[in-house]
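A short worksheet on the structure shown next.
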Amino acid sequence: MTDFEQVPFGAAEFSDNPEDRCACILLLDTSGSMGGRPIAELNAGLITFKDELAADALAAKRVEVAVVNFGPVNVAADFQTADNFLPPVLNANADTPMGAAIAMAVDMIEQRKAVYRQNGVGYYRPWIFLITDGAPTDDWTHAAAVIREGEQSKKFSFFAVGVEGANFEILGRISKRAPLHLKELRFRDLFSWLSNSLSSVSHSQTTDEVPLENPITPDGWATVG
């Protein structure tokens, strides 16, 4: 066995930063209907997310972000700690293969957890955060079953947010939590809430249940879908 083969995958990044990890996949709808102002506001929200997470010294080292956009399904950014995360510039086109995107996100989460275990790094329950303005154009029923099983087994936490035009009936069948309806393209407020929530998680113990700020207050960014 060579010296290279004896080094666990990802060992360098964890030796430089041995902090526990909180993985979050942003699962973002970039179908054609998101064109124009929606995609511009989504891109601006990603910058807010990056800036606010990076401003928290501990969250910057513990929160890991990946971005999967659809369609087509594409890994726009693989897992990086918040201090190294570069928000991709997303463009709107094509259809809405939500089922395939969810399946990819779940696989990525499981693979990332395996890397943590291989390197002896503790981790929080990962997040999968879906944002969509439409309905799936592929088979989503298997993805729904995978999400329900994953939530039941506490493998990850899944959140769904619908922009105007989203099919909330389907989102409600995919997500264990009630899907939220984004008010007036308030992506920056959404991502500010998300960064604050992940920061709170990253400052806790890995086994803690952290209460999250309610986003459906009168001044909040969401209503119940």
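Laboratory data are not the source of any read-out in this text; all were calculated from the coordinates shown. Please read all numbers here as calculations on a predicted model, not as lab measurements. Cβ sites come from the backbone with ideal geometry, for glycine too, and all protein chains shown count toward neighbours.
Need the C-alpha centroid separation for the stretch 110-148 versus the stretch 167-225, integer Å.
That distance is 16 Å.
Run the Debye formula on the Cα coordinates of the stretch 105-184, all scatterers equal and no solvent, and tell me log10 I(q)/I(0) at q = 0.17, 0.22 1/Å.
Taken in order of the listed q values, log10 I(q)/I(0) reads -0.70, -1.00.
Answer rounded, prolate or oblate for the stretch 23-81, using the Cα gyration tensor with square roots of eigenvalues a ≥ b ≥ c: rounded when a/c is under 1.5, else prolate when a/b is larger than b/c, else oblate.
Numbers: a/c = 4.18, a/b = 1.64, b/c = 2.55.
Oblate shape, in that a/c is at least 1.5 and b/c is the bigger or equal ratio.
Report, to the nearest 10°, how far helix 37-54 tilts away from the longest principal axis of the Cα atoms in the chain, using its own Cα long axis and a range of 0 to 90°.
In the chain, helix 37-54 runs at an angle near 30 degrees to the longest axis.
If the elastic network links every pair of Cα atoms under 10 Å, which of Ala12, Ala76, Ala40 fluctuates the most in the Gaussian network model of the chain?
Ala12
Rounded to the nearest 500, what is the chain's calculated 222 nm mean residue ellipticity when only DSSP H runs of at least 4 contribute -39500 (n - 2.57) each, over all residues?
The per-residue figure over the chain is -12000 deg cm²/dmol.
With r defined as the distance between the Cβ atoms of Gln152 and Ser15 and R0 fixed at 30 Å, what FRET efficiency is calculated, to the nearest 0.05? Intermediate values should be presented prior to the final figure.
Numbers: r = 35 Å, r/R0 = 1.16.
Here the calculated transfer efficiency is 0.30.
Give me, ordered by chain and number, the residues 5 or more places off Trp127 or on other chains with an amide H under 5 Å from its own placed amide H.
Ala23, Cys24, Ile25, Ser157
What angle, in degrees between 0 and 90 and rounded to the nearest 10, separates the Cα long axis of helix 98-118 from the longest principal axis of the Cα atoms of the chain?
The helix 98-118 is inclined about 20 degrees to the chain.
Report D for the stretch 70-211 in µm² per second (integer): Stokes-Einstein, Kirkwood Rh on Cα pairs, 20 °C, 1.002 mPa s. It would help to have the intermediate numbers written out before the result.
Details: Rh = 16.3 Å.
My calculation gives 132 µm²/s for D.
Once you've got the GNM for the chain with C-alpha springs shorter than 10 Å, pick whichever of Thr81, Thr141, Thr132 has the biggest mean-square fluctuation.
Comparing Thr81, Thr141, Thr132 in a Gaussian network model of the chain, the most mobile one is Thr141.
In degrees, nearest 10, range 0 to 90: what is the angle between the Cα axis of helix 141-152 and the longest Cα principal axis of the chain?
The answer is roughly 50 degrees.
Looking only at Cα atoms, what is the convex hull volume of the stretch 56-96 per residue, in Å³?
Details: hull volume 2.6 nm³, N = 41.
Spelled out: Cα convex hull of the stretch 56-96, divided by residues, is 63 Å³.
Filter the cross-link list Lys154/Lys176; Lys113/Lys154; Lys154/Lys183; Lys61/Lys176; Lys61/Lys113 down to pairs whose alpha-carbon distance in this structure exceeds 18 Å. Before the final figure, lay out the partial values.
Numbers: Lys154/Lys176 12 Å; Lys113/Lys154 13 Å; Lys154/Lys183 29 Å; Lys61/Lys176 29 Å; Lys61/Lys113 16 Å.
Flagged as over cut-off: Lys154/Lys183; Lys61/Lys176.
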